[in-house]
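Read the structure below first, then the notes.
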Amino acid sequence: MELFEIPDVDPLKEALKALFGLDYLFPYQRLVISNILEAAEARGFHIHWPKMLEIDMEDHVNADLVQEIGDRSNLGAQIVILPTGAGKSLCFQLPAMLLQGPTLVIYPILSLMADQERRLREKGFAPVLLRGGQSTEEREAVWESLRSGKSRFIIANPEVLLTPQVMQKLSTLGLIHLVIDEAHCVSEWGESFRPSYLQIGEIIKACGGSGKGPLVTAFTATASAPVLEKIERYVFGYNENGPNSDVVAVQRIIGNPDRSNIMYSCCGAMLRDHAVRDLLAANQRPAIVFCSSRPGVEKLARFLQNTFGDREVRFYHAGLSREEKSTVEKWFFPNPRGVLVSTCAYGMGVDKADIRTVIHRDCPPSVEAYLQESGRAGRDGKASRAVLLWGPDDEKKLRLAKNEADRKRLLDLLNYARNTEICRRDDLLNLLDYDGQRDSPGENCCDVCQGRTLNGLRDEEALVDFLRRNRRVYTMYEAAQVLGKAANLNISEKDAGELLESLISLKKIRKSKNYLWKGRLTV
């Protein structure tokens, strides 16, 4: 049986060239896009090809094959896991420009929404943005743009979609495709501080109107088995025993999460700001440094500005105004030497291709979050580096974990950071339950494969050696004074005191109890 008639042109390739000026789709991109378009046709939605491509895809597919494939509308429920830099955005942008109806894309953070809007407008498209704080006139302009067909791309976050006014409108918009970008946030955030992510199923139902609901695709760069299970449960309506009777099977498209151009390394440190400073001095830029809190971001940025100068360092977090964020983004995008200190508010999905170094001053909550954020490095495919810092204060994070599942995910990442024997790349992929073929990264795989790991904490050896050579000579106060003046350490007296306290808590040093030297430090 002859399955296909070979067309004179490749419709997807020609549409890609006409609409985006690109010449090539990666195999996974083609599979995801084809699934979306086939499912749309199976549900009766019209596909509007560019003028030179007035082609009915059915003309090129043998009818017997279609029957063998089964109900192609089931292709409209997908979880797509593709590594950072593999072109996930194009997987929903291209179909959005071909489908005769709106596509809704749900993003987790405002910076990512703004970045997507900017990129679409640069391509000549007219997306609309739904966000909190819009006036009645602004919101009405959004609805009119959709009613008139001028806009076919809606950008929003789950919170604004769940407001009564928007929920009421969703069923009237004729949505064809609903996309959840960075879908690992359903698990990462939904069960903690963003409960709106657990209500995405309600948003999907509201979009259905009186007919079938929209096609649904969930995208993420990383997802372990437990995260996949939660995406299926909260987005697609699965329960613990599998899909409900009225839920179609979800297609899983899983690409290789390995980024062979990134070299992974880890470093234990008590003075993490100093460790960041030294890493930035020794590694290529542009660079991003991730911190876990807004105060930590601003404090580290000021410290680095004192070292490298105000022109080379900026900070970014969700507490900045829209104008402040825009100013920082415009500064960082073209900057070949810039260092951006940020919370995860910047890194998720923002597309600066030439970032050479990503440093995590603080451990993120899971391996998924770490791979997503470290994946900001080297999106242009060139050699880059990702460094994760760890230290004694991570034990406090473990104690404060809200539940056992959160504690285990953080502990898995900390064990990865402390490891000095297992290839870091293998370790990360094993934590994701990935058992596919892995890329061959060569000699720049990781610090373990290079034999360049550091056992323990980078600050520890110098201080312990100093006290070993000066047993029972200094009290805590005296030792901090001496160390604060040591040129090779380049730390303040206050920092030195904190280091000594940490070493005592770790039982690396102690205060003598002998009455002749009572209170003096020894090893």
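What to note about this one:
- The set of residues in segment 148-176 being among the basic types (Lys, Arg) and exposed (fewer than 15 other Cβ atoms within 10 Å of the Cβ) consists of 150 alone.
- Test: residue in segment 36-46 that is at pLDDT 85 or above, closer than 23 Å to residue 119 by Cα and in the same structural domain as residue 98 (by TED's automatic domain parsing): yes
- Per the listing 385, 418, the residue uniquely outside the structural domain of residue 189 (by TED's automatic domain parsing), touching a residue at least 40 places away in the same chain (Cβ under 8 Å) and surrounded by 21 or more Cβ atoms within 10 Å (Cβ to Cβ) is 385.
- Looking across segment 278-291, the residues that are buried (at least 19 other Cβ atoms within 10 Å of the Cβ) and either part of a helix (DSSP H, G or I) or of a type in the set (D, E, K, R) (or both) come down to 279, 280.
- Scanning segment 465-504 for residues that are part of a helix (DSSP H, G or I) and among the charged types (D, E, K, R) turns up 465, 468, 469, 478, 493, 494, 495, 498, 501.
- Of the residues in segment 149-168, at least one is in a loop (DSSP other than H, G, I, E, B) and either at positive phi or of a type in the set (Phe, Trp, Tyr) (or both).
- Listed by position, the helices (runs of 4 or more DSSP H) enclosed by segment 357-464 that each have at least 1 residues that are under 24 Å from residue 184 (Cα atoms) and of a type in the set (Val, Ile, Thr) are 367-374.
- Residues of segment 384-397 satisfying the condition of being of a type outside the set (D, E, K, R) and touching a Lys or Arg at 6+ places or on another chain (Cβ under 8 Å): 384, 389, 390, 391
- Scanning segment 61-100 for residues that are modelled with pLDDT of 55 or more, of a type in the set (S, T, N, Q) and assigned to a helix (DSSP H, G or I) turns up 73, 74, 89, 93.
- Restricting attention to segment 93-130, the residues that are β-branched (Val, Ile, Thr), in contact (Cβ under 8 Å) with a residue 40 or more places away in the chain and touching a strand residue (DSSP E or B) at 6+ places or on another chain (Cβ under 8 Å) add up to 3.
- Condition check for residue 344 on (1) of a type in the set (A, V, I, L, M, F, W, C); (2) under 23 Å from residue 397 (Cα atoms); (3) exposed (fewer than 15 other Cβ atoms within 10 Å of the Cβ): one failure, at (3).
Listed here are the residues, each with its yes/no results for (1) under 30 Å from residue 223 (Cβ atoms); (2) modelled with pLDDT under 80; (3) of a type in the set (A, V, I, L, M, F, W, C).
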residue: 434; (1), (2), (3): yes, yes, no
residue: 441; (1), (2), (3): yes, yes, no
residue: 448; (1), (2), (3): yes, no, yes
residue: 460; (1), (2), (3): no, yes, no
residue: 463; (1), (2), (3): no, yes, yes
residue: 471; (1), (2), (3): no, no, no
residue: 497; (1), (2), (3): no, no, no
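- Lone qualifier among 148, 111 - being of a type in the set (Ser, Thr, Tyr) and at pLDDT below 85: 111
- Meets criteria (touching a Pro at 6+ places or on another chain (Cβ under 9 Å), β-branched (Val, Ile, Thr) and in contact (Cβ under 8 Å) with a residue 24 or more places away in the chain) for residue 179: no
- Listed by position, the helices (runs of 4 or more DSSP H) inside segment 184-245 whose residues that are in contact with a Phe, Trp or Tyr (Cβ under 9 Å, 6 or more places away or on another chain) and at pLDDT below 80 number at least 1 are 185-188.
- Search result, residues across segment 471-485 that are free of Cβ contacts under 8 Å to residues at least 24 places away in the same chain and more than 12 Å from residue 497 (Cβ to Cβ): 485
- As a summary of the residue check, residue 270 satisfies the conditions (1) in contact with a helix residue (DSSP H, G or I) (Cβ under 6 Å, 6 or more places away or on another chain); (2) at pLDDT 90 or above; (3) within 20 Å of residue 413 (Cα to Cα) except for the one numbered (2).
- Annotation: of all residues in segment 369-387 being within 16 Å of the chain's Cα centre (by Cα) and of a type in the set (A, V, I, L, M, F, W, C), the one that is modelled with the lowest pLDDT is 369.
The values are calculated or read from the model by the stated rules, or taken from the named source; none is laboratory data. All figures in this text were calculated on a predicted structure; none of them were measured in a lab. A quick note on method: Cβ atoms are made from the backbone with ideal geometry, for glycine too, and the neighbour counts reach across all protein chains shown.
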